[in-house]
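What follows is a short report on a single structure.
The values are calculated or read from the model by the stated rules, or taken from the named source; none is laboratory data. Fair warning: this is a prediction, and the values are worked out from it, not measured in the lab. Cβ sites come from the backbone with ideal geometry, for glycine too, and all protein chains shown count toward neighbours.
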Amino acid sequence: MKERLKELQTEALNQVEAAEDVKALQDVRVAYLGKKGPITEVLRGMGKLSKEERPVIGQLANDIREDIANAIQEKQEKLEEVALEKQLEEETIDVTLPGRPVKVGGPHLLTSIVEEIEDLFIGMGFEIKEGPEVETDYYNFEALNLPKGHPARDMQDSFYITEELLLRTHTSPVQARTMGKKDGKEPVKMICPGKVYRRDTDDATHSHQFTQVEGLLVDKHVRMSDLKGMLDKFAKQMFGDEREIRLRPSFFPFTEPSVEMDISCKVCNGEGCSICKGTGWIEILGAGMVHPNVLEMAGYDPEEYSGFAFGMGPERIAMLKYGVDDIRHFYTNDIRFLKQYHKA
Ligand code: 2NL
């Protein structure tokens, strides 16, 4: 019986040694240590043994079981280790492979231009204000010295929603609202960028929806020369230090006097070319001293307070700065057009 047990031990240990995976090892465990295994079988015959032999064989059988179990455990750990090594090797990442390029977008040209304008005016101490695109007739027209029946209301054919509500035709109502909150006492120094709407037929230079940046400064003792100095600073920062400005008389219902500002043509340096249509000058914006009626309606005493205001179209500025020949390029979203203006 002793010999049979030793035989089984050697046999089992050889099979443990030979097992190539965890599954094979499991089979060895079931075969030798299971209830129906040969060791159990041998022990069933213990009844035939003498009293002295029984504990010796019992002890031996237990030692052999433990020996086989330990061998299985050890082999299992080894197999798991090998499996892990193999997995790690297979999943190695080759960090020297070239990467796949990630497509990165960028701001729209108009967004960049508006932000550039904002930065310049923030640098001069202006606040940025926004307001509703659906406006009341009062703030869009009335408060800007455009009473009902005023001929200028025809000039700006508008998208009306009701008799009293319309899509704003300029950003000026944001300024009228801001002044109205100051109780006629505090100064205002702001710009308001935003979308505006006019009933126009779209073509290379007209769009029914476009962008505007307007500015307003109201305080005591504000003069035309303050406007001129500020505009000169803006033009040089936006278009280059070598640009000159000139102001021509003009008309807007909300300013008096009113002017239009030109910058000297960058292309021909004032000589006259196709860009400036032979004049040497390019129109950039409109401006003027805030009309006393506008100040008064906003609650200021025009004898005590005065102000200047200006308005410009970022599309036009972008077109001049980058030679864009059609305003519709800003709204048709052709990526080939847009990505020319993404900074690297
Ligand atoms: C242009 C001309 C202008 C204004 C806008 C304004 C606003 C208030 C009071 C007075 Cl609240 N004026 N805005 C003044 C002059 C010209 O815009 O050509 N825009 C594209």
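For the stretch 157-196, the set of residues classified as under 19 Å from V290 (Cβ atoms) and of a type in the set (S, T, N, Q) consists of T169, T171, S172, Q175, T178, listed by residue number.
Where helices (runs of 4 or more DSSP H) fall wholly inside the stretch 50-167, the ranges with 2 or more residues that are over 43 Å from the mean Cα position of the chain (by Cα) are 53-90.
Among the residues in the stretch 230-237, are any without any contact (Cβ under 8 Å) to a residue 60 or more places away in the chain, of a type in the set (F, W, Y) and more than 10 Å from the ligand (Cβ to nearest atom)?
Start the filter on the stretch 230-237 by keeping residues that are without any contact (Cβ under 8 Å) to a residue 60 or more places away in the chain, which leaves 232, 235-236.
Then keep just the ones that are of a type in the set (F, W, Y); that gives none.
No.
Out of the residues in the stretch 317-330 that are in a loop (DSSP other than H, G, I, E, B) and more than 16 Å from the ligand (Cβ to nearest atom), which is farthest from R198 (Cα to Cα)? Across the stretch 317-330, the extreme among qualifying residues is G323.
Close contacts from the stretch 5-27, counting a first residue that is buried (at least 19 other Cβ atoms within 10 Å of the Cβ) and a second that is of a type in the set (K, R) and not in a helix (DSSP H, G or I), with Cβ to Cβ under 9 Å and a gap of 6+ residues or different chains, come to none at all. A single entry from P314, P302 fulfils the requirement of being within 16 Å of the ligand (Cβ to nearest atom) and surrounded by fewer than 18 Cβ atoms within 10 Å (Cβ to Cβ): P302.
For every residue, the table says whether it meets (1) of a type in the set (A, V, I, L, M, F, W, C); (2) part of a strand (DSSP E or B); (3) farther than 20 Å from V218 by Cα; (4) assigned by TED's automatic domain parsing to the domain that holds K195.
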site: E256; (1), (2), (3), (4): no, yes, no, yes
site: V267; (1), (2), (3), (4): yes, no, yes, yes
site: G270; (1), (2), (3), (4): no, no, yes, yes
site: I284; (1), (2), (3), (4): yes, yes, yes, yes
site: E296; (1), (2), (3), (4): no, no, no, yes
site: G311; (1), (2), (3), (4): no, yes, no, yes
site: R336; (1), (2), (3), (4): no, no, yes, yes
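Return yes when A287 is small (G, A, S), touching a residue at least 40 places away in the same chain (Cβ under 8 Å), buried (at least 18 other Cβ atoms within 10 Å of the Cβ) and in contact with a helix residue (DSSP H, G or I) (Cβ under 9 Å, 6 or more places away or on another chain) and no when it is not. Yes; evaluated as a whole, the condition is true for this residue. Among the residues of the stretch 245-281, those that are more than 30 Å from P302 (Cα to Cα) and of a type in the set (A, V, I, L, M, F, W, C) comprise I263, C265, V267, C268, C273, I275, C276, W281.
When the stretch 225-255 is examined, which residues are found to be of a type in the set (A, V, I, L, M) and farther than 26 Å from P292 by Cα?
Here is the first cut: in the stretch 225-255, the residues of a type in the set (A, V, I, L, M) are 227, 230-231, 235, 238, 245, 247.
Result: A235, M238, I245.
Each residue in the stretch 159-206 was checked for being surrounded by fewer than 20 Cβ atoms within 10 Å (Cβ to Cβ), among the small types (G, A, S) and within 15 Å of the ligand (Cβ to nearest atom), and 3 pass. With respect to I263, determine if the residue is buried (at least 21 other Cβ atoms within 10 Å of the Cβ), more than 28 Å from K220 (Cα to Cα) and within 16 Å of the ligand (Cβ to nearest atom). So I263 passes the test. Looking across the stretch 1-49, the residues that are acidic (D, E) and not in a loop (DSSP other than H, G, I, E, B) come down to E3, E7, E11, E17, D27, E41.
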